[in-house]
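Everything on this sheet refers to the single structure shown next.
The values are calculated or read from the model by the stated rules, or taken from the named source; none is laboratory data. Everything numeric here is computed off the predicted structure, so don't read it as measured data. Cβ sites come from the backbone with ideal geometry, for glycine too, and all protein chains shown count toward neighbours. These area figures cover heavy atoms from the full protein model, side chains too; ligands, DNA and RNA do not enter into them. Shrake-Rupley method; radii C 1.70, N 1.55, O 1.52, S 1.80 Å.
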Amino acid sequence: MRKEHAFWVLSIIGGCAIFSSTMSKNPVLPLFAQHLGAAEEYIGLISAASTIPGILISMPAGTLSDVYGRKRLLQGALFIFASAPFLYLLVQELWQLAFIRFYHGIATAIFGPVALAAVADMYVENRGARLGLYSSVTMAGRMVAPAAGGLLLTVGSFSSVYLACAVGGIIAFLLSFSITEPTPTTIERDPHLRENIHHIVKNKMIMTTNFVEACQYFAFGGFETFLPLYARSVGISTSEIGLIFSIQLIIILITKPTMGKISDRKGRSPVILLGLVIGGGSLMVIPLIENVLILSLAAAGFGLGLASVTASTSALVSDLSRGSHGSALGVLSMIMDMGQASGPVVTGILIATRGYSSAFRSIALLLICAGVLFSIIHHSLKPHER
């Protein structure tokens, strides 16, 4: 299979898998949990159940893919994507829903870093652009899923939504059989695996990049959770809030491959720093805005910052990982999940105790401080260590 064809097959698989996974959550999950009698605090816990595997499994999954090959791990994850939707049809109790969310989360925890590693394996010179393009294809699936799920829920039932999720998962699983293995399939082919993992953990630039990724997704978690509430508090309607998020997602989808390409040509670090500054600046002004158009521009700015950072971090970690892309991106994914999971919690506490203005400015300051730290570490290292 030609490299270009393999890339697009993997991208389509990713788009179908993320479409299936996102539709199982948004908007159906809280409504289904409420239908089962869950209070709001339990709905939050059930929703969070799918993020726990990312913290626990991403790094081991990435490392196993370095040893046994990407295809085996990808097919294992895609089997879960295909099978989990059918389990929702059997749910009678809230604990069953939480268990299935955890099981479904295992698929994302495995698939995310391993698929990125597979793309990183394929490309070297234009790695940033290709990682960004792959991410945009999966994001297209993420964008379509809520609208499709809402429509199916309106004209059908909870079962209709989960059966549609199953279709997306099954298509992705069947397509996985056309993947050819581009990586070593036995540990004998990677005799330096332990040394490479030690290098990943000890490498200051890799771990600083991981920290930046965690900060970026910490900010994103707080932003996507509480921007709707802030917008409503200043009189912006629900439909206008949806428009704000749609604009932001479109900006991310369009700009991520471009920012990845720029990082291929100009270097990863400048693009990461630019993204942190843009994202931090956008968050800083949000508490000053009460107009829907200007708030949309600020949200678009945050989206551009997010696209710039995340298109470059995965590429930089891959560049520095000595070929153990699965292990390196597994660590990145694990730390990213920790940031994204904690973002809404900490931001919620800040809003409750200090208000929206202090909360948004605090997470903006976090991004800017992360940029300062990243710049200091970058300039303190020798050129070959960057």
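May I ask for the net charge around residue 217, where only other residues with Cβ less than 11 Å from the Cβ of residue 217 are counted and Lys, Arg are +1 while Asp, Glu are -1?
On the way: positive: none; negative: 213, 224, 337.
Cβ neighbours under 11 Å give a net charge of -3.
Based on the alpha-carbon gyration tensor of the range 118-182 and its eigenvalue square roots a ≥ b ≥ c, which shape applies: rounded if a/c is under 1.5, prolate if not and a/b is larger than b/c, or oblate?
oblate
So if I place +1 on the C-beta of Lys and Arg and -1 on the C-beta of Asp and Glu, and nothing else carries charge, what would the dipole magnitude of the chain be about its Cα centre? I want it in debye, nearest 20. Provide the component values of the computation, followed by the final result.
Values: 25 positive and 19 negative charges, 153 e Å.
Its charge dipole is roughly 740 debye.
Given the rule -39500 (n - 2.57) for each run of at least 4 DSSP H residues, summed and divided by the residues of the chain, what is its mean residue ellipticity at 222 nm, to the nearest 500 deg cm²/dmol? Walk me through the intermediate numbers first.
On the way: 15 runs with 321 residues, N = 386.
After summing the helix terms and dividing by residue count, I get -29000 deg cm²/dmol.
How charged is the neighbourhood of residue 247? Take every other residue with its Cβ under 14 Å from the Cβ of residue 247, and add Lys/Arg as +1 and Asp/Glu as -1. Mind showing how you got there, number by number?
On the way: positive: none; negative: 224, 240.
With Lys, Arg at +1 and Asp, Glu at -1, the net is -2.
Can you find, among 22, 149, 274, the residue farthest towards the positive end of the dipole of the chain? Put +1 on the C-beta of Lys and Arg, -1 on that of Asp and Glu.
Farthest towards the positive pole: 274.
Between residue 380 and residue 42, what is the label-point separation in nm under the 7 Å Cα-to-beta-carbon projection?
In this crude spin-label approximation the distance works out to 4.9 nm.
Using only protein heavy atoms and a 1.4 Å probe, report how much of residue 334 is accessible, in Å² to the nearest 10.
The value for residue 334 is about 40 Å².
Of the accessible area of the range 103-149, with the probe set at 1.4 angstrom, what percent is carbon plus sulfur? Don't skip to the answer; put the middle values down first.
Values: 910 of 1360 Å².
After summing per-atom areas, the C and S share lands at 67 percent.
Between residue 277 and residue 87, what length in nm is gained on full extension when 0.36 nm per residue of separation is reduced by their alpha carbon distance?
Values: separation 190, 0.36 × 190 = 68.40 nm, distance 4.36 nm.
Result: 64.0 nm gained on full extension.
State whether the range 200-241 is rounded, prolate or oblate according to the following rule on the C-alpha gyration tensor (a ≥ b ≥ c being the square roots of its eigenvalues): a/c under 1.5 gives rounded; otherwise a/b larger than b/c gives prolate, and the remaining case gives oblate.
Prolate, since a/c reaches 1.5 and a/b exceeds b/c.
Highest mean first, what order results for 301-314, 256-269 on Cβ atoms within 10 Å?
Ranked from most to least packed, the peptides come out as 301-314, 256-269.
In Å², what does the accessible area per residue of the range 292-386 work out to with a 1.4 Å probe?
Working: 3650 Å² over 95 residues.
Counting only protein heavy atoms, the per-residue value for the range 292-386 is 38 Å².
For the range 118-180, with every protein chain kept in place, what is the accessible area per residue (1.4 Å probe, Å²)? Each step should come with its number before you reach the end.
Values: 2620 Å² over 63 residues.
Dividing the accessible area of the range 118-180 by its residue count gives 42 Å².
Residue by residue, what Karplus-based ³J(HN,Hα) values in Hz, rounded to whole numbers, does the range 204-215 have, using 6.51, -1.76 and 1.60 with θ = phi - 60° and x for Gly and Pro?
4, 5, 5, 5, 5, 4, 4, 4, 4, 4, 4, 4
What part of the accessible area of the range 277-386, given as a whole %, is carbon or sulfur when the probe is 1.4 angstrom?
Working: 2980 of 4340 Å².
The C+S portion of the solvent-accessible surface of the range 277-386 is 69 percent.
Can you work out ³J(HN,Hα) from phi for every residue in the range 94-106, in order, using Karplus 6.51 cos²θ - 1.76 cosθ + 1.60 and θ = phi - 60°, giving whole Hz and x for Gly and Pro?
After applying 6.51 cos²θ - 1.76 cosθ + 1.60, I find 5, 5, 5, 5, 5, 5, 5, 4, 5, 4, 5, x, 4 Hz.
Taking a ≥ b ≥ c as the square roots of the Cα gyration tensor eigenvalues, with a/c under 1.5 meaning rounded and otherwise prolate when a/b beats b/c, else oblate, which class fits the chain? Before the final figure, lay out each step's value.
Values: a/c = 1.69, a/b = 1.09, b/c = 1.54.
Taking the square roots of the gyration eigenvalues as a ≥ b ≥ c, the chain is oblate.
Using the Cβ atoms and a cut-off under 13 Å, what net charge is assigned to the surroundings of residue 127, where Lys and Arg are +1 and Asp and Glu are -1?
Details: positive: 3, 130, 261, 265, 268; negative: 121, 125, 264, 319.
Result for the neighbourhood of residue 127: +1.
Counting Lys and Arg as +1 and Asp and Glu as -1, each charge on the Cβ, what is the dipole of the range 276-386 about the Cα centre in debye, to the nearest 20? Before the final figure, lay out each step's value.
Values: 5 positive and 4 negative charges, 39 e Å.
My answer is approximately 180 debye.
Using a probe of 1.4 angstrom, how much of the accessible area of the range 4-97 is carbon and sulfur, in percent?
Carbon with sulfur: 67 percent of the solvent-accessible area.
With each label point set 7 Å from Cα along the Cα-Cβ vector, what nm distance links residue 234 and residue 247?
In this crude spin-label approximation the distance works out to 1.2 nm.
Can you work out ³J(HN,Hα) from phi for every residue in the range 166-171, in order, using Karplus 6.51 cos²θ - 1.76 cosθ + 1.60 and θ = phi - 60°, giving whole Hz and x for Gly and Pro?
Once rounded to whole Hz, the list reads 5, 4, x, x, 5, 4.
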